[in-house]
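> What follows is a structure written as structure tokens; I'll ask about it next.
The values are calculated or read from the model by the stated rules, or taken from the named source; none is laboratory data. Keep in mind that this is a model prediction, so the values were computed, not measured. Virtual Cβ from ideal backbone geometry, glycine too; neighbours counted across all protein chains shown.
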Amino acid sequence: MTETPTLPETTFLRPSWGLRVRAFIANNKLFVIGVAIFLSILLATLLADWIVPYSPTKVAFSQKLLPPSLDHLMGTDRFGRDIFSRVLYGARTSLLVGTMVTLMAILIGAPIGLISGYFGGKIDTALMRISDVFLAFPPLLLPISIVAALGPGLTNALIALAISWFPWYARIMRGAVMRVRKELYVDAARAMGVGPAKIMLRHIAPNSLTPVIVQGSMDFGYTILAAASLSFIGLGARPPTIEWGLMAASARTQFLEYWWTVLSPGFAIFLTVLAVNLIGDGVCDVLDPKHEKTR
Amino acid sequence: MSEPVLQISDLQIEFPGLVRNVQVVRGVNLTIDRGKILGLVGESGSGKSMTAMACLGLVPSPGRVRGSVKVDGFEVVGRTEKELAHLRGGSVAMIFQNPMRALNPFFTIGQQMVEILRRHRRLDAAQAREAVIEVLHSVKLPDPELALDKYPHQLSGGQIQRVIIALALACQPKLLIADEPTTALDVTIQAQIIALLGELVDRMNLTVLFITHDLSVVASLCDEVAVMYAGKIFETGTVDDVFNAPKHPYTCKLMDTVLAVGRGATELESIPGQVPDLMFLPSGCAFHDRCDRASNVCARVAPESKIFNNGHAAACHHISNEPVDIGDL
Amino acid sequence: MTIAANHPLIRVEGLGKNFHTRHGIVRAIHDVSFHVGVGETVAVIGESGCGKSTLAMTLLDLVPASAGRISFDGEELGEISSVMKGRLGREISIVFQNPHSSLNPKMKVRSIIGEALTTALGLRGKELTERVIALLRDVGLGPEHLWRYPHEFSGGQRQRIAIARALALEPRLLILDEPTAALDVSVQAQILKLLKSLQRKRNISYLFITHNLGAADYLADRVIVMYLGKAIESGRVAKVFAAPRHPYTRALLDSVQSLDPRRRGKIKTLRGEIPSPLNRPKGCAFAPRCDRASAECVRSEPVTQSSGDDRFVACFYPLDNGI
């Protein structure tokens with residue numbers, strides 16, 4: 001035996017990319033479907049300028065309230081505008097809302113949860129009591145109040161939703177942090193003299209983010225719904241902004257006779273939320289490095 | 001000659017995998033006669049735990065089991081859950097490594113034991129309680145009457161393992177499968193449990209399949225031993241035969257790597273490399289890339305098991321013939 | 001294993017650690033004194049509740065000690081709890097038991113090993129990579145492993161990475177907290193051999209915490225046996241194992257040595273359970289399980305008696321020549 005026992009060349013046999021992709025799809029079918037739907041919606045909205053059959057804003061009273069047909073896939077609204085084109089454009093707003101609100105809520109909530117969970121004690125109590133105040137409001141009542149205070153409009157709706165949402169992420173992050181903080185590699189880092197800031201950022205945060213990301217992807221759908229609800233009651237987006245909730249709201253008086261005016265944007269909301277929920281369900285497994293082994 | 005209590009023939013267990021299917025157990029043959037203790041030795045990835053699970057039909061779901069496992073003549077492979085429910089806890093009982101996890105923390109020891117006893121034997125509450133106390137006495141649990149009203153977290157690891165053994169034996173199984181039952185215990189407690197198992201086996205003429213990675217435990221408790229590696233059995237025979245004259249190079253090396261008191265700072269043997277990934281097994285003999293006796297044939301052809309006298313068998317192209325001095329294990 | 005010093009590398013006196021729990025005060029460690037020489041390995045053996053892991057934690061200041069003084073390199077430094085935060089941080093390092101949770105699963109090997117170098121010495125980029133490659137080579141791994149994640153390695157390899165990490169800042173004392181307990185038998189031997197050769201090369205001292213007496217026999221020069229927070233016997237490994245003086249040490253050896261095919265069926269067991277630290281027996285903690293115990297043992301705690309040659313035992317009726 002040599003002085004330093006060395007290992008023979010380790011067989012790091014990694015399977016080819018093609019095989020890994022196929023296996024991934026097979027193992028995470030729902031996730032992949034969700035991603036496919038979501039990407040289609042995203043692609044459609046990004047290419048909206050080129051693929052819309054009609055201009056979403058062009059008014060044509062002669063064409064008003066036509067039912068869905070080959071010409072107008074989702075019919076027309078009371079101003080004769082093609083609903084399908086409007087839905088495509090509306091996707092931009094909705095996706096933007098979902099992303100912005102979720103991102104802002106996480107950016108506010110996660111650091112709070114991180115600090116709270118790591119330090120514990122008085123800091124924890126203080127931060128959690130503050131966020132408890134926000135959590136105590138019934139859903140939507142808080143965003144409504146904030147928008148009412150700030151004034152209606154999409155931007156204000158976004159801010160209101162983000163403020164209402166962050167406490168959930170703070171709590172989730174805090175829970176994960178409290179678990180991760182007891183891991184052996186955190187002790188190892190402390191033993192090496194790594195300071196608390198670096199420990200929080202390099203060791204604790206990356207390992208605590210999974211539940212936050214899972215929640216975020218599920219919430220994405222709910223934020224779209226919440227924004228649509230706000231628009232529905234007139235506190236969110238306002239014309240001429242094209243937004244699905246607003247579309248449904250302004251058509252609500254014609255719902256019984258002209259169902260497509262409400263159900264078309266409704267269907268778009270449904271499809272997006274479904275896709276995002278499928279992604280959210282599967283993202284937890286996907287992010288777990290051990291899941292790749294399929295044993 | 002009565003039928004063996006456990007007879008495994010050409011057992012194969014396969015799991016679907018990323019690149020190709022993983023063969024966790026690749027053609028295992030094992031026999032245990034009544035009243036014998038067989039030690040199934042192997043490192044991680046050897047397939048020893050899966051072999052044990054197969055005896056109870058407990059191989060987890062994507063796994064596919066082929067071959068035959070007969071417990072007291074009853075074929076286990078291919079049975080439905082209903083048929084197996086009768087077998088488990090009845091003719092076959094299993095005890096696991098982590099005793100704390102085997103009991104429900106919300107119920108007292110007495111409640112859990114009485115429930116299990118009543119499920120397998122027709123007893124009323126009072127009779128069951130009596131039977132429980134009796135079986136706890138037989139495993140030498142101190143103050144069994146008091147233990148009945150305690151919750152699992154109030155007992156120590158060693159005491160819980162005694163309770164688990166008591167539970168396993170309460171229904172008088174024909175076969176007891178023990179999967180590393182002492183690995184998680186302290187050294188002095190480990191010795192107590194092993195001594196206890198030895199006594200119980202003698203007293204009840206019990207048959208045991210004892211799974212472990214610890215050769216010294218096998219030496220002190222078992223009658224026979226089977227050495228597993230990467231899903232195959234490399235060597236099998238009585239403990240005396242295998243420990244005094246191991247034939248397979250893996251067995252020889254394994255014994256050399258055992259850390260024993262009294263060896264002191266002498267040179268320690270180790271096996272280069274590591275246990276192969278079951279998805280990418282070397283061709284031919286799975287051990288050939290780590291073996292100091294390997295030759296060209298070893299890389300091409302998987303060796304068949306060669307039988308020597310007294311049931312001592314080894315699967316290798318280069319069997320050793322000299323007895324080995326194991327010193328003080 | 002060159003012990004070349006007229007003073008030990010580290011000397012600890014009167015180490016104590018109490019935990020205040022709802023159920024009362026738990027004396028995890030009480031009045032433990034020991035020393036480790038330069039390039040020497042001292043094994044700390046014992047079962048659950050003996051305090052050996054807490055010992056490691058106090059020496060790294062992961063858990064503050066309640067009492068105890070420490071001197072390093074012959075220099076008296078003072079109370080352990082205040083000293084450990086300061087200059088000794090880089091001199092003492094640790095390898096933990098569980099290779100699966102002691103490495104951050106989201107960090108690559110280069111960062112894991114290099115973190116200490118970046119934090120303490122500010123090394124980055126190419127310089128850092130070169131130092132990490134050298135450390136990897138010392139533990140028998142190659143540069144191709146730099147950019148991989150822990151889950152891509154086996155237990156033994158992860159432990160090698162943990163050892164490389166611990167050696168990064170060139171500590172003089174390495175605490176090994178059951179480094180091989182979670183590994184396969186054949187891998188344990190590999191890792192212990194690696195540790196031995198590293199010690200020879202770097203003249204580093206080890207505090208080797210283990211419950212495996214065979215491993216202690218192989219790697220250690222001296223051994224300390226602990227029971228319920230107290231050091232009850234200590235001395236040179238070969239002598240203590242050949243002729244233990246404390247009945248508990250004898251029992252430990254019996255539990256292990258009696259596992260031998262020639263002595264099958266004659267396992268000598270120790271009666272009783274390890275008492276809970278919350279419920280310390282009065283007097284000598286081992287008395288309830290000891291065959292030699294007398295009224296005196298239950299009344300008062302035995303004081304440690306030295307018997308020359310770096311040997312001591314805490315017992316009123318120590319064994320003579322191992323019997």
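> Would you please name the residue that is farthest from C:Arg280 (Cα to Cα), looking only at residues in segment C:242-254 that are within 10 Å of another protein chain (Cβ to nearest Cβ) and either at pLDDT 95 or above or surrounded by fewer than 24 Cβ atoms within 10 Å (Cβ to Cβ) (or both)?
Selected residue: C:Ala242.
> Could you say whether any residue in segment A:83-90 is small (Gly, Ala, Ser), within 19 Å of A:Gly266 (Cα to Cα) and surrounded by 18 or more Cβ atoms within 10 Å (Cβ to Cβ)? Outline the logic, then answer.
Quick first cut of segment A:83-90, residues small (Gly, Ala, Ser) only: A:85, A:90.
Next, only the ones that are within 19 Å of A:Gly266 (Cα to Cα) stay: A:85, A:90.
Narrowing the set further to residues that are surrounded by 18 or more Cβ atoms within 10 Å (Cβ to Cβ) leaves A:85, A:90.
Scanning segment A:83-90 turns up at least one residue that is small (Gly, Ala, Ser), within 19 Å of A:Gly266 (Cα to Cα) and surrounded by 18 or more Cβ atoms within 10 Å (Cβ to Cβ).
> Here's something else I'd like to know. Got a sec? Which of C:His35, C:His30 is in a strand (DSSP E or B), in contact (Cβ under 8 Å) with a residue 12 or more places away in the chain and surrounded by fewer than 20 Cβ atoms within 10 Å (Cβ to Cβ)?
Answer to the check: C:His35.
> For segment A:198-211, which positions are over 14 Å from A:Gly113 (Cα atoms) and not basic (Lys, Arg)?
Within segment A:198-211, A:Ile199, A:His203 qualify.
Let's see how each residue does on (1) touching a residue at least 24 places away in the same chain (Cβ under 8 Å); (2) more than 8 Å from chain C (Cβ to nearest Cβ):
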site: B:Thr236; (1), (2): yes, yes
site: B:Val242; (1), (2): yes, yes
site: B:Pro249; (1), (2): yes, yes
site: B:Met255; (1), (2): yes, yes
site: B:Gly262; (1), (2): yes, no
site: B:Leu268; (1), (2): no, no
site: B:Val275; (1), (2): yes, no
site: B:His288; (1), (2): no, yes
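> Take C:Ala231 and decide whether it is modelled with pLDDT of 90 or more and outside any strand (DSSP E or B).
Considered against the rule, which asks whether it is modelled with pLDDT of 90 or more and outside any strand (DSSP E or B), C:Ala231 comes out as no.
> Of all residues being within 14 Å of chain C (Cβ to nearest Cβ) and of a type outside the set (A, V, I, L, M) in segment A:152-190, which is nearest to C:Val109 (Cα to Cα)? Just the residue, please.
A:Tyr185
> Also, I was wondering about something else. Please go through (1) assigned to a loop (DSSP other than H, G, I, E, B); (2) in contact with a Pro (Cβ under 9 Å, 6 or more places away or on another chain) for B:Met53 and return the number of the only condition it doesn't satisfy.
(1)
> Filter segment C:12-27 down to residues that are in a strand (DSSP E or B), basic (Lys, Arg) and modelled with pLDDT under 90, then give me how many there are.
Residues of segment C:12-27 that are in a strand (DSSP E or B), as a first pass: C:12-21, C:24-27.
Filter once more, keeping what is basic (Lys, Arg): C:17, C:27.
Next cut, modelled with pLDDT under 90 only: C:27.
Residues flagged as in a strand (DSSP E or B), basic (Lys, Arg) and modelled with pLDDT under 90 within segment C:12-27 amount to 1.
> For B:Gly89, are the conditions met, namely being modelled with pLDDT under 85 and crowded, with 16+ Cβ neighbours inside 10 Å?
So B:Gly89 fits the description; yes.
> Let me confirm something: among A:Leu287, A:Leu209, A:Leu235, which residue is modelled with pLDDT of 85 or more, over 23 Å from A:Ile41 (Cα atoms) and not aromatic (Phe, Trp, Tyr)?
A:Leu209
> Filter segment A:191-207 down to the residues that are more than 9 Å from every other protein chain (Cβ to nearest Cβ) and among the small types (Gly, Ala, Ser), then identify the one that is nearest to A:Met128 (Cα to Cα).
The residue in question is A:Ala205.
> Being among the polar types (S, T, N, Q), crowded, with 23+ Cβ neighbours inside 10 Å and closer than 16 Å to C:Asn212 by Cβ narrows it down to one residue among C:Thr41, C:Thr58; which is it?
C:Thr41
> Report the residue count in segment B:169-179 for those that are within 18 Å of the chain's Cα centre (by Cα), surrounded by fewer than 23 Cβ atoms within 10 Å (Cβ to Cβ) and modelled with pLDDT under 90.
2
> What helices (runs of 4 or more DSSP H) lie completely within segment C:68-186 and have 1 or more residues being within 14 Å of chain B (Cβ to nearest Cβ) and not hydrophobic (A, V, I, L, M, F, W, C)?
Correct list: C:155-167.
> Does B:Ala195 qualify as being under 25 Å from C:Arg271 (Cβ atoms), surrounded by fewer than 22 Cβ atoms within 10 Å (Cβ to Cβ) and of a type in the set (A, V, I, L, M)?
yes
> May I ask you to list the residues in segment A:226-245 that are part of a helix (DSSP H, G or I) and more than 14 Å from A:Leu158 (Cβ to Cβ)?
Residues of segment A:226-245 that are part of a helix (DSSP H, G or I), as a first pass: A:226-232, A:244-245.
Correct list: A:Phe232, A:Trp244.
> Tell me which residues, restricted to segment B:223-242, are in contact with a strand residue (DSSP E or B) (Cβ under 8 Å, 6 or more places away or on another chain), surrounded by fewer than 24 Cβ atoms within 10 Å (Cβ to Cβ) and in a helix (DSSP H, G or I).
The answer is B:Val239, and nothing else.
> Scanning segment B:57-75 for residues that are among the small types (Gly, Ala, Ser) and at pLDDT below 90, which turns out surrounded by the fewest Cβ atoms within 10 Å (Cβ to Cβ)?
The selected residue is B:Ser61.
> For segment C:111-152, which residues satisfy the criterion of being free of Cβ contacts under 8 Å to residues at least 12 places away in the same chain and closer than 25 Å to B:Gln274 by Cα?
Result: C:Ser111, C:Ala134, C:Arg137, C:Gly142, C:Pro143, C:Glu144, C:Glu152.
> Which residues, taken from segment C:187-218, are in contact (Cβ under 8 Å) with a residue 24 or more places away in the chain, facing chain B (nearest Cβ under 8 Å) and over 21 Å from B:Gln190 (Cα atoms)?
C:Val187, C:Gln190, C:Leu192, C:Tyr218
> Conditions first: (1) of a type outside the set (D, E, K, R); (2) under 26 Å from B:His248 (Cβ atoms); (3) crowded, with 20+ Cβ neighbours inside 10 Å. B:Leu185 passes all but one, so which condition is the exception?
The failed condition is (2).
> Please work out which one of (1) more than 12 Å from every other protein chain (Cβ to nearest Cβ); (2) more than 30 Å from C:Ala168 (Cα to Cα) is the condition A:Thr210 fails and give its number.
All conditions pass for A:Thr210, except number (1).
> Would you check if there is a residue in segment A:58-65 being at pLDDT 85 or above and either under 27 Å from A:Val286 (Cα atoms) or part of a helix (DSSP H, G or I) (or both)?
Taking every residue of segment A:58-65 in turn, none turns out to be at pLDDT 85 or above and either under 27 Å from A:Val286 (Cα atoms) or part of a helix (DSSP H, G or I) (or both).
> Out of curiosity, is C:Val223 more than 9 Å from chain B (Cβ to nearest Cβ) and crowded, with 23+ Cβ neighbours inside 10 Å?
In short, yes.
> Provide a single number: the residues in segment B:5-52 that are free of Cβ contacts under 8 Å to residues at least 40 places away in the same chain and either among the basic types (Lys, Arg) or surrounded by 19 or more Cβ atoms within 10 Å (Cβ to Cβ) (or both).
So the count comes out to 1.
Here is a yes/no grid of residues against (1) more than 17 Å from the chain's Cα centre (by Cα); (2) within 30 Å of A:Glu183 (Cα to Cα):
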| site | (1), (2) |
| --- | --- |
| A:Ala205 | yes, yes |
| A:Thr210 | no, yes |
| A:Gly216 | no, yes |
| A:Gly234 | yes, no |
| A:Ala248 | yes, no |
| A:Phe255 | yes, no |
| A:Trp260 | yes, no |
| A:Thr272 | no, no |
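> Only one residue in A:Tyr185, A:Tyr118 is part of a helix (DSSP H, G or I), at negative phi and without any contact (Cβ under 8 Å) to a residue 40 or more places away in the chain, so which one is that?
A:Tyr185
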